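Colleague: Sharing a structure below in structure tokens format, with a few things to ask.
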Amino acid sequence: MMLCFELSMPNRGSWNGAWTGDDHCYAQLVSLGRGRKAAEHAAALLAKGCWRYDFGDGWTAGIKVREVSGREITKIRRRSRGFCGYGWMVDSIIRRGEILNSAERKEAEAAQP
């Protein structure tokens, strides 16, 4: 199963309220593998559907997830301009089900036995 994570900036702290990436596709394709566990994990992510991350400076990132297959995968790979350096958000969503910044990730890892 292939999942597509798409980045947007719904709240913008810029002087004109614009984001230069508005007209572009920022997507990251992720395969969670095969099997029951992978399917359950993917189903949980798809059920949640979207996440927000507040940078604290007026900017907010939005990430949506959906299942993709076949020709759509090729189209996305062709159109996407990467993930603007925010791939760590997708990693956090996949690992923890939420977006944690670096300090929060370290704290969560230290709390694990």
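Colleague: Is it true that Ile99 is crowded, with 16+ Cβ neighbours inside 10 Å, under 15 Å from Arg52 (Cβ atoms) and either touching a helix residue (DSSP H, G or I) at 6+ places or on another chain (Cβ under 8 Å) or in contact (Cβ under 8 Å) with a residue 40 or more places away in the chain (or both)?
Modeller: Numbers: crowded, with 16+ Cβ neighbours inside 10 Å: yes; under 15 Å from Arg52 (Cβ atoms): yes; either touching a helix residue (DSSP H, G or I) at 6+ places or on another chain (Cβ under 8 Å) or in contact (Cβ under 8 Å) with a residue 40 or more places away in the chain (or both): yes.
The answer is yes for Ile99.
Colleague: Another question, if that's okay. Looking only at the stretch 1-40, which residues are at pLDDT 95 or above, aromatic (Phe, Trp, Tyr) and either assigned to a loop (DSSP other than H, G, I, E, B) or out of contact with any Phe, Trp or Tyr (no Cβ under 9 Å at 6 or more places or on another chain) (or both)?
Modeller: Across the stretch 1-40, the qualifying residue is only Tyr26.
Colleague: Here's a follow-up. What do you reckon, is Leu100 at pLDDT 95 or above and among the hydrophobic types (A, V, I, L, M, F, W, C)?
Modeller: Numbers: at pLDDT 95 or above: no; among the hydrophobic types (A, V, I, L, M, F, W, C): yes.
Criteria not met by Leu100.
Colleague: If the requirement is being out of contact with any helix residue (DSSP H, G or I) (no Cβ under 8 Å at 6 or more places or on another chain), modelled with pLDDT of 95 or more and not in a helix (DSSP H, G or I), which of these qualifies: Gly82, Gly62? Break it down stepwise before answering.
Modeller: Working: Gly82 fails: modelled with pLDDT of 95 or more.
When all the criteria are applied, what remains is Gly62.
Colleague: Give the residue that is nearest to Glu6 (Cα to Cα), with candidates limited to residues of the stretch 41-59 that are at pLDDT below 95 and charged (D, E, K, R).
Modeller: That would be Asp54.
The values are calculated or read from the model by the stated rules, or taken from the named source; none is laboratory data. Just so we're clear, the structure is a prediction, and the values are computed from it rather than from any experiment. For neighbour counting, all protein chains shown are included, and Cβ atoms are generated from backbone atoms with ideal geometry for every residue, glycine included.
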